Amino acid sequence: MTGTELTSGTEWWRTAVIYQIYPRSFADANGDGMGDLSGISARLPHLKELGIDAIWLSPFYTSPQRDAGYDVADYCNVDPLFGTLDDFEVLQQTAHDLDIRVIVDIVPNHSSSDHGWFQAALASGPGSEERARYTFRDGRGENGELPPNNWESVFGGRAWTRTTNADGTPGQWYLHLFDSSQPDFDWESEWVREQFRAVLRFWLDRGVDGFRVDVAHGMIKAPGLPDYTPPADGGSMGGTPASALEPGISAEAPATPPYWAQEGVHEIYRDWHNVLAEYAGDRVLAAEAWVDPLSEMAKWVRADEMHQAFNFAYLETPWNGPLLRRVIDDSLEAFGNVGAPSTWVLSNHDVVRHASRLALTGDNLQGHGIGPKTADLPDTVIGLRRARAATALMLSLPGSSYLYQGEELGLPEAVDLPDHAREDPTWFRTSGERYGRDGCRVPIPWEAASESFGFSSGGTSWLPQPADWSALARDQQEGVPGSTLELYKLALRLRREHSLASGTVEWLDDSNSEVVEYRNGNVIIVANTGATSIELPAGEVLLVSESLTGRMLHGDATAWLRA
Ligand code: GLC
């Protein structure tokens, strides 16, 4: 039996459940088929009822939308697609009145190529101050016709695009770790640093409670930009190579790619920490840093850096008892060692929804997605069972948890999207070889009987919604005992009542078992990842992810009991 203490602290984010809103797909008030800020404001009371503490909004800033808004053309304004700055004020006020905090996304690794700063860099030419703000280089080869190095874009294809000079001749190349419309900044530039401090202050002055920091492991590149070939089974964002997740196969720590997890990024976050500290109210910085192992990721949340980091090691852990136990221990230890809470997350807008992912049988690297031609498509019944059980385990754990819109409805990945509807740059940059992330971004269903299931006042939706999502619409689950929505509500209520988020993990099981069993304060949690039913220990049953037969907990199910 081991107990792991969570380092104490009173800031709200240590124990918060933070719900990710993907503005394009949450609710559309103006009827154009694309979600917007007014749509979010109108639907916020539902999130209050769900029982979350904060929302994180994916980008709603001015953007040509070539990467769904993660290509920002103005960091301090709202894209007309989503509304206006006034609409943001209303949203934030509505949330705060409901006692819901608001975290916004900040995208500092790259801007949109439409951003005035990049346009000025192109216009100013090699050697200019404007170019020094981005990562321009001369090409290799006799006439600079070869890219400066061999780096590949996360979305497929090369990470460099050649520019054309004013006189029409081929010019320098610029780096884009993502789409060619997302040029990477050069964070060695003090000018860039000053601009981003100003962006932080712009939103902090408006009252946001914090930032989710996009690609927080990517801003600094190794000097000289050396060539690098990533391992074939590694996630393109730099996360866990697939082999590391297989029991019994010890993956060697991969060499750090010259564009991820460079030491220099930490100085930037120490600086940002100080900017946030000027403001009252425990504002939070949450890192999207795909770094391995967890002890390395924990560097992003040392006491003078960010406050939270998404626990992607947990997200990537299969539904397997010994592996779950190990990642929970490792997380509590790694984050606990630096005084940060662990976070837990199962879904977001970049990964296959966990109601599908947990039933995948083949390899599926992060970002590749699934679609009609994927071999071994997941069994949706098993997927949903496991997702409900996995969520019930996650929401019992000490620390902060992230939810992604629609998971509380048990939404699976939308597999049958027609090719012409797809928008993810991954799909285009790999000529359809990788489906990408559209399948987890489909607008969510609110009312079964309305057009677009109540998503849009105009009855349309920018990605088509599967017809069978009518059964998963919120109004079909509201108040229905045993529905996924009611399971989430119950788990969130009990989590609060029993102070699970500030508790501890005391293992009660044998570490090789398919059954994960632990005690958190006065609650015992039993998650059966195997196929065989097991008898529950004594104690009043508080929550079950699947109905019991007598005291028997079936496979792929989780129960909470009063100790
Ligand atoms: C992050 C975002 C992802 C985006 C990428 C580039 O990983 O979560 O959606 O495509 O950064 O900004």
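The values are calculated or read from the model by the stated rules, or taken from the named source; none is laboratory data. For clarity, every value in this text was computed on a predicted model and none was experimentally measured. All Cβ positions, glycine included, derive from the backbone under ideal geometry; neighbour counts span all protein chains shown. Keep in mind that these areas ignore ligands, DNA and RNA; they rest on the heavy atoms of the full protein, side chains included. Shrake-Rupley method; radii C 1.70, N 1.55, O 1.52, S 1.80 Å.
In this Cβ point-charge picture (+1 for Lys and Arg, -1 for Asp and Glu), the chain has a dipole of about 600 debye about its Cα centre. The mean of 1/r over all distinct Cα pairs in the chain, once inverted, gives the Kirkwood hydrodynamic radius of 24.2 Å.
Just so you know, the averaged projected area of the alpha carbon convex hull for the range 87-222 sits at 9.9 nm². Short-range pairs are left out: with C-alpha atoms under 8 Å and at least six residues apart, the relative contact order of the chain is 15 percent.
Going by the alpha-carbon gyration tensor, a ≥ b ≥ c the square roots of its eigenvalues, is the range 397-520 rounded (a/c under 1.5) or, if a/c is not under 1.5, prolate (a/b greater than b/c) versus oblate? It comes out oblate by the Cα gyration axes. Converting the Cα gyration tensor eigenvalues of the range 58-116 into ellipsoid dimensions via √(5λ) gives semi-axes, longest first, of 23, 12, 8 Å.
Carbon-plus-sulfur accessible fraction, the range 1-116 (probe radius 1.4 Å, protein heavy atoms only): 49%. Looking at the square roots a ≥ b ≥ c of the eigenvalues of the Cα gyration tensor of the range 1-131, which shape do they give, rounded for a/c under 1.5, prolate if a/b is larger than b/c, or oblate? Oblate is the answer for the range 1-131, as a/c is 1.5 or above yet b/c matches or exceeds a/b. Put simply, the range 131-211 fits an ellipsoid with semi-axes of 31, 15, 10 Å; these come from the alpha carbon gyration tensor as the roots of five times its eigenvalues, largest first. When the Cα centres of the range 409-434 and the range 442-492 are compared, how far apart do they sit, in Å? Centre-to-centre distance over Cα atoms comes out at 21 Å.
Per residue, the chain reaches -7000 deg cm²/dmol at 222 nm when only DSSP H runs of four or more residues are counted, each adding -39500 (n - 2.57).
So in the chain, what percent of DSSP beta bridges are antiparallel if you round to the nearest 5? Just about 55 percent of them are antiparallel. Between the C-alpha center of the range 514-563 and that of the range 292-338 there is a gap of 25 Å. The C-alpha radius of gyration of the range 274-313, expressed as a fraction of 2.2 N^0.38 Å, stands at 1.23. Of the GluC sites (Glu not before Pro) found in the range 1-87, those that fall in a DSSP loop while having at most 12 other beta-carbon atoms within 10 Å are Glu5. In a simple Cβ point-charge model (Lys, Arg +1; Asp, Glu -1; nothing else charged), the range 1-102 has a dipole of about 280 debye relative to its Cα centre.
Since only Ala277, Gly83, Ile534 are under comparison, the one whose Cα sits farthest along the positive direction of the charge dipole of the chain, derived from C-beta charges on Lys, Arg, Asp and Glu, is Ile534. Placing unit charges on each Cβ (+1 for Lys and Arg, -1 for Asp and Glu) gives the chain a dipole about its Cα centre, and among Trp117, Phe202, Gly235 the Cα reaching farthest toward its positive end belongs to Gly235. Computed with a 1.4 Å probe over protein heavy atoms only, the accessible surface of the chain comes to 36 Å² per residue. The alpha carbon gyration tensor of the range 481-563 gives principal lengths a ≥ b ≥ c with a/c of 1.5 or higher and a/b no greater than b/c, which makes the shape oblate. Comparing Cα centroids, the range 185-230 and the range 340-386 end up 29 angstrom apart. Sites listed here are GluC sites (Glu not before Pro) in the range 126-164 whose DSSP assignment is loop and whose Cβ has at most 12 other Cβ atoms within 10 Å: Glu129, Glu142, Glu145. Just want the answer: with Cβ charges of +1 for Lys and Arg and -1 for Asp and Glu, which residue in Gly9, Leu47, Met34 is farthest toward the dipole's positive end in the range 1-139? Sorting the options by dipole projection puts first Gly9. Counting protein heavy atoms only, the range 407-563 has 49 percent of its accessible area on carbon and sulfur, 1.4 angstrom probe. In this Cβ point-charge picture (+1 for Lys and Arg, -1 for Asp and Glu), the range 335-484 has a dipole of about 400 debye about its Cα centre.
Taking 0.36 nm per residue of separation and subtracting the current Cα-Cα distance, fully stretching the chain between Thr84 and Arg496 would add 144.8 nm.
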